[in-house]
Amino acid sequence: MPKDCADLPPVEELLTAAVTALGGVERPGQVKMAQAVRDAIESEEHLAVQAGTGTGKSLAYLVPAIRHAAESGDAVVVSTATIALQRQLVDRDLPRLADALEGLLPHRPEFAILKGRRNYLCRHKMAAGMPDDEDDQLFDPREVSATGRMVQRIQEWANDTETGDRDEIVPGVSDQAWRQFSVTARECLGAQRCPSGAECFAELARERAGAADVVVTNHALLAIDAMEDFAVLPEHDVVVVDEAHELVDRVTSVVTGELSESTVNLAARRAGRLIEQGVADRLQEAGEDLRALLAVAPPGRVDTLPQSLGMTLALVRDAAFACITALGPRNKDKDDPENAGLRKAAFTALDEVHDTAQRMLDAFGPAAGRDGAGDDAEDTGDPEDARDSAASRGGGGADARSEEVHRAEVVWLEEGRGRVPPTLRVAPLSVGGMLRDKLFGDRTVVLTSATLALGGSFDSLSRQWGLRSGEWTGLDVGSPFDHPRRGILYVATHLPQPGRDGLPEAYVDEIAELIEAAGGRTLGLFSSMRAAKAATEALRERLDVPLLCQGDDSTSQLVKQFAGDPATCLFGTLSLWQGVDVPGPSLTLVIIDRIPFPRPDDPLASARQRHVAATGGNGFMAVAATHAALLLAQGAGRLLRSMDDRGVVAVLDPRLATARYSGFLLNSLPPFWRTTDPAKVRDALRRLTAGS
Ligand code: SF4
């Protein structure tokens, strides 16, 4: 412990100073959370804290984190899921907090933001003018010119930027344009070998992070740091995972592998510049075989490996390996940076193709290539129908169960869209074991969000994180909002169950009546873009309030318009369920069209559900109901954003009140006053509108 830190003020005193300086109000939930975070850090026990909107949870974890950093001399890592929260922390909360605590701590708290390498401009790639990997853009002149304009903007920005951080470029640029100026961590030459290493933006960001007390990062980089055998983040013994309800999905994305004609061609092109053309051509031919096969294969989960696919994957793998061998030793060009850059890029793409093809073959284990086993027999619409289907199937059920129990990864085919060809993906059925070993293993982790206790318990999420009982504590500090007095949860039990064929007419009528009573002011959260568009189209003719639909403009622009005019309504899907923060009268009514279960054809969710069932659990509750509860709670959480807010959450899907699983879902929602009476709700909305 640094000498002058022996008498640091207690967390409570620092929190009071911070809240006073920031002009806020100290809330009991915030104090309770700060104390619990302090205790977790001191006892080195993981902590999950649910803290409702308005608790001031950022300060509640930042204050004990900064105190710990001052005391131990080690950085604390704060990980977020969204850029919006990263910005809020780095641009608003942390500078003000540093000012507030400066006089109470031995030094002014330092903070830094650190992202993955591909988010920073690579000076070497820019200077060396590395060959453009994209070739398929040539077919569409409009895209070529759009990309060309973005490339020009990046070049202009590159002359002035001090951080090289892609997020500085407003409006943003496409991945395709950005790829020409950036490298992944694997493609990077390493600062020692790179001629631009001394002034590398990614290295400078790491240096700043190394000197900081608080390092803000994202879940993806946190996962990479935990899983790779090289350190990406500075030394740390405490991690705070904010927006922790997103952790599993973000980590799953990081470890999802993909294989398509494009990824194979890219590797072949990169290799072709360096090795005998015939060897690279064989990889390209294998890519063409893959394209031909995937073009006619049905999209969705691949439960058993068809012989043709098995052979093609093996062909791709072996052709990639031949290219890797032809490239020779990996450090051959260490004194020739330009060539070393090309070789590194080729190795990275070839390794990716080789390892992913092997991983896909491994996913089918000893049963690979066998005909007929594990055919689909579920996905009937309502996810509850699919419950335990693998475990209960007759004929070959024991084999299928055994395969399910031992299966570790799932492979699926995604349909091609526009210029993106059909793509095979592979992802683990669970990232819990990985998180348990790599993230929770030798650090104290504090996980927090407004939504962690599903069905009133942290168990669902802690299982997904791989935590066992006794290894963590859970705390719900509640919310400062008076939910029963300020909000109504209305379930439209008189409506029919939602069907597969679009939005029922009765739903459109119900939405129209609710919006009329609310005088606009409505956020419509739909479970599909198709439903959002259908509702928008039908209601624009019937209502005389402005109706915006996601996709009409950028989401941030639409939310701004919605927030600025109380009469305006905004309809949309997934990103609105979690991303809208509109306090005040512009948002008085949240309409949810149906319980947001994963789509029955969602390959990962359905495979996970089936796996849980095959291992003796309740697949439906563990996967589909948990997913729905999380999104419902997030969606309902859009309603009350400040102490003065009031309003209604209207769920049109009657199953929320009638189905067997409804108790679990209802217990995941804030404790609003509940009703199923449409007349009462419309009266309440009229009163609210008249009073605002
Ligand atoms: S060290 Fe890596 S990221 Fe940095 S400039 Fe060199 S190659 Fe690019």
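Tabulated data
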{"item": "Packing rank of 410-416, 154-160, 115-121, 646-652, where each peptide gets the mean count of other beta carbons within 10 Å, highest leading", "result": "646-652, 115-121, 410-416, 154-160"}
{"item": "Centre separation in Å (Cα based) which lies between region 508-585 and region 603-625", "result": "33 Å"}
{"item": "Per-q log10 I(q)/I(0), the chain, q = 0.07, 0.12 Å⁻¹ (Debye; single scatterer per alpha-carbon; no solvent)", "result": "-0.53, -1.53"}
{"item": "Percent of C-alpha pairs per 10 Å bin, region 412-493, short to long", "result": "13, 29, 22, 24, 13, 0"}
{"item": "Lys/Arg +1, Asp/Glu -1 at C-beta; the chain dipole; positive extreme among Thr184, Ile275, Ile488", "result": "Ile488"}
{"item": "With eigenvalues of the C-alpha gyration tensor scaled by 5 and rooted, region 57-215, Å", "result": "36, 18, 12"}
{"item": "Translational diffusion of region 180-226, µm² s⁻¹ [Kirkwood Rh, Cα pairs; Stokes-Einstein; 4 °C; 1.567 mPa s]", "result": "107 µm²/s"}
{"item": "Derived scalar couplings ³J(HN,Hα) [region 348-365; Karplus, 6.51 cos²θ - 1.76 cosθ + 1.60; whole Hz; x for Gly, Pro]", "result": "4, 5, 5, 4, 4, 5, 4, 5, 5, 4, 5, 4, 5, 5, 4, 4, 9, x"}
{"item": "Region 504-655: translational diffusion in µm²/s, Stokes-Einstein, Kirkwood Rh over Cα pairs, 10 °C, 1.306 mPa s", "result": "99 µm²/s"}
{"item": "Residue exposure sequence - Met643, Met126 - by fewest surrounding Cβ within 10 Å", "result": "Met643, Met126"}
{"item": "Backbone N under 14 Å from the Val255 label point (7 Å along Cα→Cβ), restricted to region 228-248", "result": "228-229, 247-248"}
{"item": "Two-decimal Rg/Rh across region 243-342, once Rg and the Kirkwood Rh are taken from alpha-carbon atoms", "result": "1.08"}
{"item": "Region 26-66, relative contact order in percent, only Cα pairs under 8 angstrom and at least six apart counted", "result": "56 percent"}
{"item": "Low-density loop cleavage sites - GluC sites (Glu not before Pro) in region 1-81, where at most 13 other Cβ are within 10 Å (DSSP)", "result": "Glu44"}
{"item": "Label zone at Arg599 (point 7 Å along Cα-to-Cβ), backbone N below 14 Å, region 286-310", "result": "299-301"}
{"item": "Among Cys122, Gln86, Thr348 - extreme Cα towards positive end, dipole of the chain, charges at beta-carbon", "result": "Gln86"}
{"item": "Cα extents of region 172-260 along the three principal axes, largest first (Å)", "result": "41, 40, 29"}
{"item": "By average C-beta atoms within 10 angstrom, highest first, the peptides 588-599, 275-286", "result": "588-599, 275-286"}
{"item": "Relative contact order (percent, whole number), region 262-364, Cα cutoff 8 Å, 6+ residue spacing", "result": "39 percent"}
{"item": "Label-to-label distance, nm, for residues given as Thr20 and Asp351 (7 Å Cα→Cβ offset)", "result": "5.4 nm"}
{"item": "Arg542 versus Glu505: modelled label distance in nm, points set 7 Å from Cα along the beta carbon direction", "result": "1.1 nm"}
{"item": "Within region 498-569, trypsin sites (Lys or Arg not before Pro) in DSSP loop having at most 10 other beta-carbon neighbours inside 10 Å", "result": "Arg500"}
{"item": "Beta bridge orientation in the chain: antiparallel %, DSSP, nearest 5", "result": "25 percent"}
{"item": "q = 0.13, 0.24 Å⁻¹, region 617-692: log10 I(q)/I(0) [Debye, one scatterer per Cα]", "result": "-0.47, -1.21"}
{"item": "Cα→Cβ-extended label distance, 7 Å offset, between Gln561 and Lys332, nm", "result": "5.7 nm"}
{"item": "Gain upon complete extension [Arg687, Gln88; 0.36 nm per residue less C-alpha separation]", "result": "212.1 nm"}
{"item": "Cα pair distances in region 1-88, grouped into 5 Å bins until the bin that holds the longest one, percent each", "result": "3, 13, 23, 25, 21, 11, 3, 1"}
{"item": "Computed [θ] at 222 nm, deg cm²/dmol, the chain (DSSP H ≥ 4; -39,500 (n - 2.57); rounded to nearest 500)", "result": "-13500 deg cm²/dmol"}
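Where a number appears in this text, it was derived from the coordinates with a stated rule and is not lab data. Quick caveat: nothing in here was measured; it's all calculated off a predicted structure. We place every Cβ from the backbone using ideal geometry, glycine too, and count neighbours over all the protein chains shown.
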